[in-house]
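Notes for the one structure printed next.
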Amino acid sequence: MVVDVRWATTEDAAALAVMLCEMAVQYRQPPLAADRAIAGARKWLADESLAYPHFALAFVDGEVAGLASVAIVHPGIDLERLMFLKDLFVREDVRNAGVGRALIGFLAGHCQREGIGRIDFTTEDWNEGALRFYAGLGAERHGQKVFLRLSGKALETAAKP
């Protein structure tokens with residue numbers, strides 16, 4: 001199977017929307033309305049710059065098969081930028097066929113070309129398939145960080161002066 005991976009452009013909004021809808025179901029979220037997903041995809045892709053792309057899409061035989069959502073973060077204590085992999089998602093019908101590996105390879109190559117020192121990511125503790133996949137890549141599990149979130153009421157409260 002040949003996997004084509006590229007940074008998503010505005011022309012890929014429909015493909016990105018398909019992935020976002022499938023990803024919501026996988027991550028046990030309420031289903032996304034297709035029109036909402038495509039509107040969000042169009043907006044996000046229109047806002048991207050070539051210097052800091054956010055979505056990589058994988059295609060197999062012209063059909064979208066996988067998604068990586070990333071952010072490039074500026075220097076930390078080591079003065080190297082890092083890539084934060086927010087989501088890596090592969091359609092169920094092509095899992096274990098090299099799509100996830102192709103996406104990671106694409107991102108790692110981008111990091112090497114652009115002087116980005118590492119890729120950081122998280123996964124749910126119940127997602128055994130993802131944990132096996134990342135372990136197979138040689139990813140190190142770090143217990144040094146605690147994942148925290150501000151959302152809803154807490155975000156509203158934090159925004160107040």
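Filtering the stretch 98-116 to residues that are touching a residue at least 12 places away in the same chain (Cβ under 8 Å), more than 14 Å from the chain's Cα centre (by Cα) and surrounded by fewer than 15 Cβ atoms within 10 Å (Cβ to Cβ) leaves Glu114, Gly115. Yes or no: Ala46 within 30 Å of Gly117 (Cβ to Cβ), surrounded by fewer than 18 Cβ atoms within 10 Å (Cβ to Cβ), touching a Phe, Trp or Tyr at 6+ places or on another chain (Cβ under 6 Å) and without any contact (Cβ under 8 Å) to a residue 40 or more places away in the chain? In short, no.
Listed here are the residues, each with its yes/no results for (1) in contact with a helix residue (DSSP H, G or I) (Cβ under 8 Å, 6 or more places away or on another chain); (2) modelled with pLDDT under 90; (3) within 26 Å of Ala135 (Cα to Cα).
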site: Gly40; (1), (2), (3): yes, no, no
site: Asp61; (1), (2), (3): no, no, no
site: Val94; (1), (2), (3): no, no, yes
site: Ala97; (1), (2), (3): no, no, yes
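Among the residues of the stretch 84-93, are any assigned to a loop (DSSP other than H, G, I, E, B), surrounded by fewer than 11 Cβ atoms within 10 Å (Cβ to Cβ) and either touching a residue at least 12 places away in the same chain (Cβ under 8 Å) or not hydroxyl-bearing (Ser, Thr, Tyr) (or both)? No - not one qualifying residue is present in the stretch 84-93.
Going residue by residue through the stretch 117-127, is there one that turns out to be outside any loop (DSSP other than H, G, I, E, B) and without any contact (Cβ under 8 Å) to a residue 12 or more places away in the chain? Taking every residue of the stretch 117-127 in turn, none turns out to be outside any loop (DSSP other than H, G, I, E, B) and without any contact (Cβ under 8 Å) to a residue 12 or more places away in the chain.
The values are calculated or read from the model by the stated rules, or taken from the named source; none is laboratory data. Small disclaimer: the values here were computed from a predicted structure and weren't measured. Cβ sites come from the backbone with ideal geometry, for glycine too, and all protein chains shown count toward neighbours.
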